[in-house]
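The values are calculated or read from the model by the stated rules, or taken from the named source; none is laboratory data. Everything numeric in this text was worked out from a predicted model, so none of it was measured. Cβ: placed from backbone, ideal geometry, glycine included. Neighbour counts: every protein chain shown. For accessibility, only protein heavy atoms count, side chains too; no ligands or nucleic acids. Shrake-Rupley method; radii C 1.70, N 1.55, O 1.52, S 1.80 Å.
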Amino acid sequence: MTHLRSLTLNENAQPVCELPVLTGSTGPNVIDVQALYKDTGLFTYDPGFNSTASCRSTITFIDGEKGILLYRGYPIEQLAEQCNFLEVCYLILNGELPDAPQLSSFEHNITMHTMVHDQLTNFFKGFRRDAHPMAIMVGVVGALSAFYHDALDIRSKKDREMCAIRLIAKVPTIVAMCHKYSTGMPFMYPQNKLSYVENFLRMMHATPCDDYTASPVLVRALDRILILHADHEQNASTSTVRLAGSSGANPFACITAGIACLWGAAHGGANEAVLNMLEKIGDVSHIPEYINKAKDKNDPFRLMGFGHRVYKNHDPRAKLMRTTCYEVLDELGLHDNKLFELALELERIALEDDYFIEKKLYPNVDFYSGIVLHALGIPTNMFTAMFAMGRTVGWIAHWDEMIADPEQKIGRPRQLYTGAVQRDVPAGHKKTV
Ligand code: CMC
């Protein structure tokens, strides 16, 4: 461990404290400021956490300058090419890729937990049919906490593993139920003989009158989407899950906090926003108008699917998603897909524009995922729920890592207070009862 020796905090420019600098296995070093307040009476100020590492983690590494994303050390490109989603789930949860017996036992466990308690179906009835699927997800995944609470000991590794299995297994069932509920169709039960992705697509698209078999290319495309969304280190929703979990709250409730955070358009809601934006742009001739709106400081419009807090070169997930887009549209014979053409042209024009070049704004994963999901027959308002399905494993892995961490404390940030200083309520002010 090295130490930052010259942190100057007083008027005489004399160093007043020495802060340790911690080194990880790769990536930037961090200044350990845990003792800063105790030693100096000062807090750090970092709204948006631009320069703050909130925890130690061994799960995912991102190098935003080089466009590198690793799950447990493995490059996302290799995982997307050589593994399926459940193998990646196992890797994220356990740190190593499974061997054949481990994978088969993991798949079996997931398959055996895909059904939801029948009582849970009643929760849907409280929602309007036109409720946004993410609103229903927040309600129904949150309701799982009522089914798995008293018997759950979060200090038990076995119980935490069971939580992970239940969530990875049941979230697709709930996502598909959200879709069926909004279209007024009966819920479709999971089928154990199908793979994770085949089962999900069947629960989405089959009806009691008509079965559904997905084409292998579409299964592979959705599997890839899930892999690309599986984890992304301390993003907003994962940090929300960690913060909620830091108080010892029920993990199903904590995952729901993550789902709520994901819903926002700056985060997972961007995939839905991208498709709505492309539909609004409508034609390549309108692109310059929208580029100008995005550049206008007085216009709140942003080019959805562009920019990332960490990636400042390219988002490796976007590259893979773009390739998947070609594959899926090819398979479906949709070469002249209007939305895809529009997206490619928007990307081309934006990438040549000084504003986007200077601010290092590149297409992110959500720029293309919507087009693939659209081609898979997933309704636009379901896109963010699909993201939640992929990210569930990341959320639960981070929650587990945090609970098992001996350094773990309740997350409790401080603030720079800028409100009124202490004052008295006017003497004549009387309480009205
Ligand atoms: N269109 C136009 N201008 C943009 C955009 C955009 N999409 N993104 C950032 N900027 C500008 C922004 O106005 C600011 O300009 P200035 O420095 O002149 O004030 C500058 O770029 C930096 O932006 P920021 O908001 O300070 O950057 P951030 O790191 O806080 O935000 C972001 C990152 C992803 C929230 C943002 O780029 C954004 O809103 N993008 C659109 C939404 C989106 O696609 N989100 C999905 C992210 S990837 C999936 C996920 O991880 O959930």
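Report yes if Ile76 is in contact (Cβ under 8 Å) with a residue 12 or more places away in the chain and open to solvent by less than 30 Å² (accessible area, probe 1.4 Å), otherwise no. Lay out the reasoning, then the answer.
Details: in contact (Cβ under 8 Å) with a residue 12 or more places away in the chain: yes; open to solvent by less than 30 Å² (accessible area, probe 1.4 Å): yes.
The answer is yes for Ile76.
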Original post:
Are there any pairs with C-beta distances below 7 angstrom linking a residue in the stretch 268-296 that is touching a residue at least 40 places away in the same chain (Cβ under 8 Å) to a residue that is open to solvent by 70 Å² or more (accessible area, probe 1.4 Å) and more than 9 Å from the ligand (Cβ to nearest atom), with the two at least 6 apart or on different chains, and if so which?
Top reply: Gly269/Trp263; Leu275/His374
Original post:
In the stretch 337-367, what residues are open to solvent by 80 Å² or more (accessible area, probe 1.4 Å), in contact (Cβ under 8 Å) with a residue 40 or more places away in the chain and more than 12 Å from the ligand (Cβ to nearest atom)?
Top reply: Glu341
Subject >> Lys319, sole failed condition from (1) among the basic types (Lys, Arg); (2) open to solvent by less than 70 Å² (accessible area, probe 1.4 Å); (3) modelled with pLDDT under 95 >> reply: (2)
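Can you go through Ala249, Ala265, Ala257 and tell me which one is within 16 Å of the ligand (Cβ to nearest atom), part of a loop (DSSP other than H, G, I, E, B) and either open to solvent by 20 Å² or more (accessible area, probe 1.4 Å) or without any contact (Cβ under 8 Å) to a residue 24 or more places away in the chain (or both)?
On the way: Ala249 fails: within 16 Å of the ligand (Cβ to nearest atom); Ala257 fails: part of a loop (DSSP other than H, G, I, E, B).
Within the list Ala249, Ala265, Ala257, the selection yields Ala265.
Considering only helices (runs of 4 or more DSSP H) fully contained in the stretch 116-218, which possess at least 1 residues that are closer than 27 Å to Leu334 by Cβ and not aromatic (Phe, Trp, Tyr)?
Details: elements: 121-125, 133-147, 157-183, 196-205.
Fully inside the stretch 116-218 and qualifying: 133-147, 157-183, 196-205.
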Original post:
For the stretch 406-425, how many residues meet the condition of being at pLDDT 95 or above and open to solvent by less than 100 Å² (accessible area, probe 1.4 Å)?
Top reply: 4
**OP:** For Leu332, work out the one condition from (1) in contact with a Ser or Thr (Cβ under 8 Å, 6 or more places away or on another chain); (2) at pLDDT below 95; (3) open to solvent by 50 Å² or more (accessible area, probe 1.4 Å) it doesn't fulfil.
**Re:** (1)
Original post:
Do we find that Ala230 is in contact (Cβ under 8 Å) with a residue 12 or more places away in the chain, open to solvent by less than 10 Å² (accessible area, probe 1.4 Å) and either touching a strand residue (DSSP E or B) at 6+ places or on another chain (Cβ under 7 Å) or within 16 Å of the ligand (Cβ to nearest atom) (or both) in this structure?
Top reply: yes
Original post:
Is the stretch 293-314 home to any residue that is in a helix (DSSP H, G or I), open to solvent by 50 Å² or more (accessible area, probe 1.4 Å) and of a type outside the set (S, T, N, Q)?
Top reply: yes
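Could you identify the single residue in Thr256, Thr323 that is hydroxyl-bearing (Ser, Thr, Tyr) and under 17 Å from Thr384 (Cα atoms)?
Numbers: Thr323 fails: under 17 Å from Thr384 (Cα atoms).
Of the residues listed, the single one that is hydroxyl-bearing (Ser, Thr, Tyr) and under 17 Å from Thr384 (Cα atoms) is Thr256.
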Original post:
If you go through the stretch 201-222 one residue at a time, do you hit one that is in contact with a helix residue (DSSP H, G or I) (Cβ under 6 Å, 6 or more places away or on another chain), of a type in the set (A, V, I, L, M, F, W, C) and within 16 Å of the ligand (Cβ to nearest atom)?
Top reply: no
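Is it the case that Phe85 is open to solvent by less than 40 Å² (accessible area, probe 1.4 Å), in contact (Cβ under 8 Å) with a residue 40 or more places away in the chain and among the aromatic types (Phe, Trp, Tyr)?
On the way: open to solvent by less than 40 Å² (accessible area, probe 1.4 Å): yes; in contact (Cβ under 8 Å) with a residue 40 or more places away in the chain: yes; among the aromatic types (Phe, Trp, Tyr): yes.
For Phe85, the condition - open to solvent by less than 40 Å² (accessible area, probe 1.4 Å), in contact (Cβ under 8 Å) with a residue 40 or more places away in the chain and among the aromatic types (Phe, Trp, Tyr) - is met.
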Subject >> Matching residues, the stretch 302-336, being near the ligand (Cβ under 8 Å from one of its atoms) and under 19 Å from Val284 (Cβ atoms) >> reply: Leu303, Met304, Gly305, Phe306
Subject >> Matching residues in the stretch 278-292 - criterion: being touching a Lys or Arg at 6+ places or on another chain (Cβ under 9 Å), more than 14 Å from the ligand (Cβ to nearest atom) and part of a helix (DSSP H, G or I) >> reply: His286
